[in-house]
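The values are calculated or read from the model by the stated rules, or taken from the named source; none is laboratory data. Only a predicted model underlies this, so the values are computations on that prediction, with no experimental measurement involved. Using ideal geometry, Cβ is built from the backbone for each residue, glycine included, and neighbour counts are taken over all protein chains shown. Remember, those area values only see protein heavy atoms, side chains included, never the ligands or the DNA or RNA. Shrake-Rupley method; radii C 1.70, N 1.55, O 1.52, S 1.80 Å.
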Amino acid sequence: PLRRPAGKKHFIRIFPNLQASITAYMRNLNRTGAYNEFRLKRKQMRATKNLIDGMNLSATMSKYSGIGHNYVKILQSIIKKNKLVNFDKEFQKKLKN
């Protein structure tokens, strides 16, 4: 916000903990029209019983941020660096049990 152009507004939401942040993020993905492609891709993955793969789904996230495809690159970098695909696999295992 300190570098924003004059007359522009940026809203920043502060969460009490990581889980609250994740919950809000997922709620936004599941309800907002800009993420229809995300939801369709996730639905296709479920229908074919493929892994719900965050790396693959992240490619649909260019409308999440004003920086567009750069957001996708940042998101994918975070997924790779933190090996978050492992969480996708663990979550999938829990669903099957």
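Numbers below:
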| quantity | calculated |
| --- | --- |
| Inter-centroid distance (Cα atoms) of segment 81-97 relative to segment 30-75, Å | 17 Å |
| Sum of -39500 (n - 2.57) over DSSP H runs of 4+, divided by residues of the chain (222 nm, nearest 500) | -17500 deg cm²/dmol |
| Subset of K41/K89; K43/K94; K43/K89; K63/K83; K43/K63; K63/K96 violating a 27 Å alpha-carbon distance limit | K63/K96 |
| Charge dipole (debye, nearest 20) of the chain; +1 at Cβ of Lys and Arg, -1 at Cβ of Asp and Glu | 80 debye |
| Identified option (computed Rg and Dmax of the Cα atoms in Å; candidates (1) 13.0, 44; (2) 17.8, 49; (3) 15.3, 53) | (3) |
| Solvent-accessible area, 1.4 Å probe, carbon plus sulfur percent, for the chain | 56 percent |
| Near-label residues of segment 11-30 by backbone N, under 14 Å of a point 7 Å along Cα→Cβ of F87 | 17-27 |
